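Take a look at the structure below.
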């Protein structure tokens, strides 16, 4: 049976008793009087983190899980947009007819890049008109439900992968995991409503809203946008770990994820500009493929950042994650002990059953042997009586 200290050593955490176990030494000072070794150079540490992160990414199928998350994210976009447009229709008076009309024209224009002209005219335009008029509450409700399901399913991929990468699978139950993914998806929607327009429009949008602070906006715009993005990623990582961790421990992965996402988005844009320019073999599907590829790059960046944070935690574990992994190791050891005990019990019962069967067989053989002997004795007795009777008859004759 494992002890907690054994489990801590199993997950790579040095206990005080281990540190003090050197003969004549203590946890603070070695017994031989030597000085504590100097810190490791940063180069080997970065190489070890890079190598371990790459190994973890392949071990946990990060590329496949990123594709799964991108698919569900893409699946959630059309109903989400449809639901938001329906909501705008109900608030036409507050937003203004011009805003609603511009939004309608923008949606139809984007739909024409994905669908054919007849499909847009016969399906998309009537549907958007009905939804904007506010007369299709059923479509708005169903659209939001589908979007929430698909979006939370994509977020659940992140939560599950981060939990497994930290070695804490099974610490949080399935229902709690789905609830956590649902809440994170709602928070992500709110963050995207703020961050994405800032990323797309650039500082001009804020300068237009705050003309008197144009100088400050020019200086602090991108640092604020980058900081908000890093904070959101750190919140995603922090909330996905089943145990409480410090916020600052999630920042390295968030920074790396943002860098990978920016570099990947630029590379993807250059690739798509060359491959989809002019006549494309994909036809009307080009826009959908481009969106799916961008979502895949974003999901891959998030999962690689999560793998980096997990490897950092494995290299320098926090108290809570180390205890959670130790408790999981203890539970696994207890389960293994219970399984071994059950196997031993089953083996003992099997041996007892075999012994009882053998004893029953021996008893049956002995009983059959005794019966055969008694039968043979009776038969021999009858033959002896017959011989005696024949002799008696012969003597009488």
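Among the helices (runs of 4 or more DSSP H) lying completely within region 65-155, list those that include at least 2 residues that are at pLDDT below 75 and under 38 Å from the mean Cα position of the chain (by Cα). Qualifying helices (runs of 4 or more DSSP H): 97-114, 125-132.
Any idea which of 393, 368, 344, 313 is in contact (Cβ under 8 Å) with a residue 60 or more places away in the chain and in a helix (DSSP H, G or I)?
Residue meeting the stated conditions: 313.
When we screen 322, 332 for residues that are surrounded by 14 or more Cβ atoms within 10 Å (Cβ to Cβ), more than 21 Å from residue 250 (Cα to Cα), under 28 Å from the mean Cα position of the chain (by Cα) and modelled with pLDDT under 85, the only hit is 332. As for region 214-226, it holds at least one residue that is surrounded by 18 or more Cβ atoms within 10 Å (Cβ to Cβ) and either at pLDDT below 70 or under 20 Å from the mean Cα position of the chain (by Cα) (or both). Across region 235-249, which residue is nearest to the chain's Cα centre (by Cα) among those that are part of a helix (DSSP H, G or I) and over 15 Å from residue 161 (Cα atoms)? Only one residue tops the list, namely 235. For residue 259, indicate whether it is surrounded by fewer than 22 Cβ atoms within 10 Å (Cβ to Cβ), over 21 Å from the mean Cα position of the chain (by Cα) and at pLDDT below 90. No, not satisfied. You will find that of 253, 188, the residue that is touching a helix residue (DSSP H, G or I) at 6+ places or on another chain (Cβ under 8 Å), closer than 23 Å to residue 153 by Cβ, buried (at least 17 other Cβ atoms within 10 Å of the Cβ) and modelled with pLDDT under 85 is 188 and no other.
The values are calculated or read from the model by the stated rules, or taken from the named source; none is laboratory data. Since the structure is predicted, the reported quantities are computational estimates derived from the model, not experimental observations. Methodologically, a virtual Cβ is constructed for each residue, glycine included, from the backbone with ideal geometry; neighbour enumeration extends over all protein chains shown.
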